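In what follows, a structure is listed as structure tokens, so that the remarks can point back to it.
The values are calculated or read from the model by the stated rules, or taken from the named source; none is laboratory data. Since the structure is predicted, the reported quantities are computational estimates derived from the model, not experimental observations. Every residue, glycine as well, gets a Cβ built from its backbone with ideal geometry; the counts of neighbours run over all protein chains shown.
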Number of protein chains: 2
Amino acid sequence: MDCLTVLYHLAASPADVAARAAALALEQSIEMPLAAVRSDYVREEIVARVADVAPLPAGGFRVALELAVETTGSEIGQLMNMLFGNCSLQDDVQLVDVALPPALLGAFPGPRFGIAGLRERLDAHGRALTCTALKPQGLPPSELAALAGTFARAGLDVIKDDHGIANQRYAPFAARVAACQRAVAAANRETGRRAVYAPSLSGGPRQLAEQVRIARDEGVGALLAAPMVMGLPTFAELVAAIEVPVIAHPALGGVSRIHPPLLCGRLFRLCGADATIFPNYGGRFSYSRELCVELTDGARAPHGHLRACLPVPAGGMNVARVPEMLALYGRDTMLLIGGALLSAGDELFERSREFVATVAAHGPSAT
Amino acid sequence: MDCLTVLYHLAASPADVAARAAALALEQSIEMPLAAVRSDYVREEIVARVADVAPLPAGGFRVALELAVETTGSEIGQLMNMLFGNCSLQDDVQLVDVALPPALLGAFPGPRFGIAGLRERLDAHGRALTCTALKPQGLPPSELAALAGTFARAGLDVIKDDHGIANQRYAPFAARVAACQRAVAAANRETGRRAVYAPSLSGGPRQLAEQVRIARDEGVGALLAAPMVMGLPTFAELVAAIEVPVIAHPALGGVSRIHPPLLCGRLFRLCGADATIFPNYGGRFSYSRELCVELTDGARAPHGHLRACLPVPAGGMNVARVPEMLALYGRDTMLLIGGALLSAGDELFERSREFVATVAAHGPSAT
């Protein structure tokens, strides 16, 4: 059978692991006892196989399953279901990696713009990109727009809504997007740059369609969306239907059950994210430096026909850490600093300029 | 401010917990340092408050946060984002419970049919309900339909697709739904009963709309959907737009660390699930008996205007366990037995009859 290979970490004892891996293979394919299967086709072509079991240095086992490509229906939701649907409910299993054969990979268009397309749109070449967030939620559109204008005049590339900003009464989507987009456009006319505003999308398919229409009418240059909040199939369909780059936010992505480099790196890219925000090491979150590097690899390393997805380390970052981050991640990266800029108070413009200048200074020498 | 109260378990030391709880309150509301907030409105009405911190018997702390209702935008995706968006990425936090004030609760219609509506449609009163799954995936529509017909003639109430059955080439949605629905309808004409077939929905909004249209045209009586695969906002919008009961499947529900009674009980009900499948204790999954009872309470105990959602314990169940399960859960329950019926081979009809008869026998005396 045509297979995808899926890696799991299993917390099992050496005595139990063979049986546990075999049970996992049934759980993630036919979900019934093998003895009750009467069809030869199902037994030979549909039942998942245990391809490998290897002990992990820290205990437990790495189990490789081969799943039949046919079971995924070449659709992202069903792919997730096959990878981790039922076994997400079993607390001894972690989903670590997946290798898609070319035929299945080919079914997913991936990012529409990717790193190259984002650079083109932002006219930002030979250096890392800069990003910040409009916050806090609770501010009215006029104050968010004032912040957006200041950031754009200071030279930021991407000014996104905080991911907590949705369609609340204090800043409804339509009024907010109009105000912020106009502020950024006005700043661009002043500076001659091409900063973009990325509003945060929320809600079900109907509300999303309405928000996308508003964003298009206002001429916004990018969008922010949380694939795990809206659901991966909804995210993938959204991305395929709109004409601007989409930045993925990791909200509701969890930390421990799906290996973050797989979820926020490879899978969000597979769904079409042009950029992916992730919690940087040494911030408010618990990702290690190694995990972050692996995540950026998943997002942008060559992978079939998929365009590269721009990694966006974030979460408690500040300007002092820019050189360290660029040394690690290289320039095909967008650094996101939010609260640390806003903490500058009356010096918001100057602090933002400093961020932009620090990144620009590292441009040519960065890896 | 008008608040919702959210309970988390925090793995923190007594010395750290106050600071950690305060940081969590910022993370789940304004996501920036409090000192950088210049708006009085935001400081007074939007910033989350730590309402209570109490040690847990097993270690760690129970932290109650008060979040401003306004921040949710009265929309399920944004509610999830406020409850657990960013802190799902912090591995010391578990989301345990939420209390919605009446104004917010009132924004969610909840189940359209609920337990009473399901009983009415199935003409099943005074006893628990029975459910089974068509499986394994890989069978063609004709064989799935033959199984569906056998189950319906044996007296099962709900015959659902296995959740792994999506829109694969070996059983495309349209052909499968037509065949299975006709088989169940034919059996109903024989038996005079009202068994329903519940096909499994998959894909993004466009594919979902097409599948719902096909199901309606074929006259199917219920639908199966996995809210965490399609995304809660997509699920909620779907439920509101269709005219048959919807059964929620917990697939991918374990990705984040959300207390299962909250996710599969209260939140799926809030999104409009008429029935909710969950992993029963003592099966292939790791849920305890206490957790299962708490989950059924969340699904069906009185809660504002919300109709009761039917709990559906499942996962490695068999007919011998029916009395034990009914004694625990009472009759406002639907028992789901899949593989153990199919394991009967040539005695599938008889084993299914036995299941139906065992449940019926416990009807009047069950709590």
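Here are some notes:
- Hey, B:Pro311 more than 14 Å from chain A (Cβ to nearest Cβ), touching a Leu at 6+ places or on another chain (Cβ under 8 Å) and touching a residue at least 60 places away in the same chain (Cβ under 8 Å) or not: no
- Of the listed requirements (1) modelled with pLDDT of 95 or more; (2) in contact with a Ser or Thr (Cβ under 6 Å, 6 or more places away or on another chain); (3) outside the structural domain of B:Ile277 (by TED's automatic domain parsing); (4) charged (D, E, K, R), B:Glu70 misses just one: (2).
- Qualifying residue in the range B:290-304 (condition: modelled with pLDDT under 95, touching a helix residue (DSSP H, G or I) at 6+ places or on another chain (Cβ under 7 Å) and more than 14 Å from every other protein chain (Cβ to nearest Cβ)): yes
- Selection within the range A:307-347 - acidic (Asp, Glu) and in a helix (DSSP H, G or I): A:Glu324, A:Asp346, A:Glu347
- Matching residues, the range A:169-191, being over 22 Å from A:Ala360 (Cβ atoms) and either of a type in the set (Asp, Glu) or not in a helix (DSSP H, G or I) (or both): A:Arg169, A:Tyr170, A:Ala171, A:Pro172
- Of all residues in the range B:1-46, those satisfying the criterion of being buried (at least 20 other Cβ atoms within 10 Å of the Cβ) and part of a loop (DSSP other than H, G, I, E, B) are B:Ala12, B:Gln28, B:Ser29, B:Ile30, B:Glu31, B:Met32, B:Val37.
- Top-ranked residue of the range B:132-162 - restricted to ones that are within 13 Å of chain A (Cβ to nearest Cβ) and within 21 Å of the chain's Cα centre (by Cα), ranked as surrounded by the fewest Cβ atoms within 10 Å (Cβ to Cβ): B:Asp162
- Per the conditions (1) over 18 Å from the mean Cα position of the chain (by Cα); (2) within 14 Å of chain B (Cβ to nearest Cβ), the sole criterion not satisfied by A:Gly231 is (1).
- Scanning the range A:163-214 for residues that are among the hydroxyl-bearing types (Ser, Thr, Tyr) and within 12 Å of chain B (Cβ to nearest Cβ) returns A:Tyr170, A:Ser200, A:Ser202.
- Residue in the range B:214-230 that is among the β-branched types (Val, Ile, Thr) and touching a Gly at 6+ places or on another chain (Cβ under 7 Å) present: yes
- The helices (runs of 4 or more DSSP H) found entirely in the range A:67-130 that carry 3 or more residues being within 14 Å of chain B (Cβ to nearest Cβ) and free of Cβ contacts under 8 Å to residues at least 40 places away in the same chain are A:76-84.
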